[in-house]
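All remarks here apply to the structure that follows.
The values are calculated or read from the model by the stated rules, or taken from the named source; none is laboratory data. Owing to the predicted nature of the structure, the values given are computational and were not obtained by experimental measurement. Methodologically, a virtual Cβ is constructed for each residue, glycine included, from the backbone with ideal geometry; neighbour enumeration extends over all protein chains shown.
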Amino acid sequence: MTSIAPALRAAAAAALLVTALPLAAQDRPDRPPRTRWETQARAMLEELTEINTTHSVGNTMTAAEAMAKHMRAAGFPAEDVVLIENAPKKGNLIVRYRGRNTGRKPVLLLSHLDVVEADPKDWTLPPFEFIEKGGVFYGRGVADDKDEGAIHLTILLRMKAEGVVPDRDIIVALTADEEGGPANGVDWILKNRPELLRAEFAFNEGGGGRMEEGKKVSNDVQASEKKVANFTLEATNPGGHSSQPRPDNAIYQLAGALDRLGKYHFPVRLNEVTREYFRRQAAIVGGETGAAMRRLVEDERDSLAAKVIAKDPANNSRMRTTCVATMLEGGHAMNALPQRARATVNCRILPDETTEQVQRRIVAALADTGVKVTVQRGAADSPPSPLTNELLTFIEQTTQEMWPGMPVVPTMSTGATDSRFLRNFGIPVYGISGLFYESPNAHGMNEHIEAQAFYDGLEFMYRLVRKITAGPGM
């Protein structure tokens, strides 16, 4: 009996793992690394994944120190491998690869070390164990954002080993608390050690390869992102005994206001990035939606075109500011009329709109002076990064080398990243990675990416950085 039980447990674990795999990966064999640099990047990703860097019990300083050891062992000078603990257990690593003294500002490669929470009870795989199965990497952070950190560091190691001297310095930064912790590393460094991150421009998460139905569709460049603001909507009332209802019920009043807000559509407003996104995306999607996108680029007041595009929630959010109720509370006793009802409304605001403008639109949409609208958290500015021809050309050239015929599409993220801190500091940021995976499940159960996508992203970013830092005539 004692010899059978472990076998049964092993079989059950194997069956559980298979059910956790994407269908396309269940019959795919693992592909071992083919080059020294694929091996290096995979090993770094494995090591990072198995260091818990959640806010609750994790430690990004441990992860930063682990990566710093690799860089020092490769011969990077101590002064170019900087560790910063900007709060207890909140570690950041900044590595500088020295280039030729051409007077050009550095290029910054940014990623974050922290990950969202992962309760092992909610996963069918251990979240802080790196697992490769069926050609897929599993573990918390393999898609957000430890994959890019491992890739960026490996690029420096490869360039150093190959004796490549870039036309400027290249900075790699792995930072803390991007996922919402209290000690954001990028913000702290810019306020206290700005010389460590000062660059001509930066690459960060937010863009990358887009896939639909198993096919690569486009290589997206995030050049803009929405701002985040939270509002509180509150209705108050004298209340009373529940046995004697009255018409001015605070919960009903708030519910009516939220219903009106839910039906309200903010006006369409395109910027340089979203206009170019819809222009290029129109050729990809074709049909009625593609035609609507072309019309919207010509005239953003075309409400019929906007209605067609809005069928896709992601595209709807790229066209306009959006607000949605996310939390509710009300009443104080089961047998009492509510004296207060409150809702939190989360808004994702276009870069060129303000918190105050959105607040005024919410008030107008509610059409109820009895519901008070207050700012819970105002939106920090995040200006779009310019779509420079030189940079887009480098990205397009590298994309064509890797995936001939693949279009490059500028895009605006509907969420937020650490890019906003750099953009407010005057450093343009572009989300680009060359990582194509259809269902990475970042922040979700059994987070994963395909191994081949990881290796392709490594090669893409290496070639892109080499092109950008080669200098004229190189």
Item to check | Selection status of Ala43, at pLDDT 95 or above, in the same structural domain as Asp167 (by TED's automatic domain parsing), assigned to a helix (DSSP H, G or I) and buried (at least 20 other Cβ atoms within 10 Å of the Cβ) | outcome: no
Checklist outcome for this item: Only one of Lys307, Lys311 is charged (D, E, K, R) and in a helix (DSSP H, G or I), namely Lys307
Checklist outcome for this item: Apart from one, (1) more than 20 Å from Val228 (Cα to Cα); (2) at pLDDT 95 or above all hold for Pro428; the odd one out is (1)
Next on the checklist: Just to verify a result, which residue in segment 328-355, among those that are of a type in the set (A, V, I, L, M) and within 21 Å of Leu261 (Cα to Cα), is surrounded by the fewest Cβ atoms within 10 Å (Cβ to Cβ)?
Outcome noted: Leu328
Checklist entry - With respect to Val95, is the statement that it is assigned to a loop (DSSP other than H, G, I, E, B) and at pLDDT 95 or above true? => result no
Item to check | Pairs where the first residue, in segment 91-115, is on the phi < 0 side of the Ramachandran plot and the second is of a type in the set (Lys, Arg) and crowded, with 24+ Cβ neighbours inside 10 Å, C-beta under 9 Å, 6+ apart | outcome: Ser111/Lys146; His112/Lys146; Leu113/Lys146; Asp114/Lys90; Val115/Arg140; Val115/Lys146
Item to check | Residue in segment 357-372 that is surrounded by the fewest Cβ atoms within 10 Å (Cβ to Cβ), counting only those that are out of contact with any helix residue (DSSP H, G or I) (no Cβ under 9 Å at 6 or more places or on another chain) and more than 20 Å from Val268 (Cβ to Cβ) | outcome: Lys372
Checklist entry - Does any residue of segment 196-207 turn out to be in a helix (DSSP H, G or I), modelled with pLDDT of 95 or more and over 28 Å from Asn346 (Cβ atoms)? => result yes
Item to check | Tabulated pairs, segment 313-339, first in contact (Cβ under 8 Å) with a residue 24 or more places away in the chain, second in a loop (DSSP other than H, G, I, E, B) and surrounded by fewer than 16 Cβ atoms within 10 Å (Cβ to Cβ), C-beta under 6 angstrom, 6+ apart or interchain | outcome: Ser317/Thr414; Asn335/Ser242; Ala336/Ser242; Leu337/Ser242
Checklist entry - If a residue has to be touching a residue at least 24 places away in the same chain (Cβ under 8 Å), farther than 30 Å from Asn101 by Cα and either under 20 Å from the mean Cα position of the chain (by Cα) or part of a loop (DSSP other than H, G, I, E, B) (or both) to count, how many in segment 429-454 make the cut? => result 18
Checklist entry - Among the residues of segment 130-144, is there at least one that is in the same structural domain as Asn446 (by TED's automatic domain parsing) and closer than 24 Å to Pro428 by Cα? => result yes
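Residues are listed down the side, and each one gets a yes or a no for (1) in the same structural domain as Leu350 (by TED's automatic domain parsing); (2) farther than 30 Å from Thr102 by Cα; (3) in contact (Cβ under 8 Å) with a residue 12 or more places away in the chain:
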site	(1), (2), (3)
Lys160	no, no, yes
Thr175	no, no, yes
Gly181	no, yes, yes
Asp187	no, no, yes
Arg198	no, no, yes
Met211	no, yes, yes
Ser218	no, yes, yes
Thr232	yes, yes, yes
Ala250	yes, yes, yes
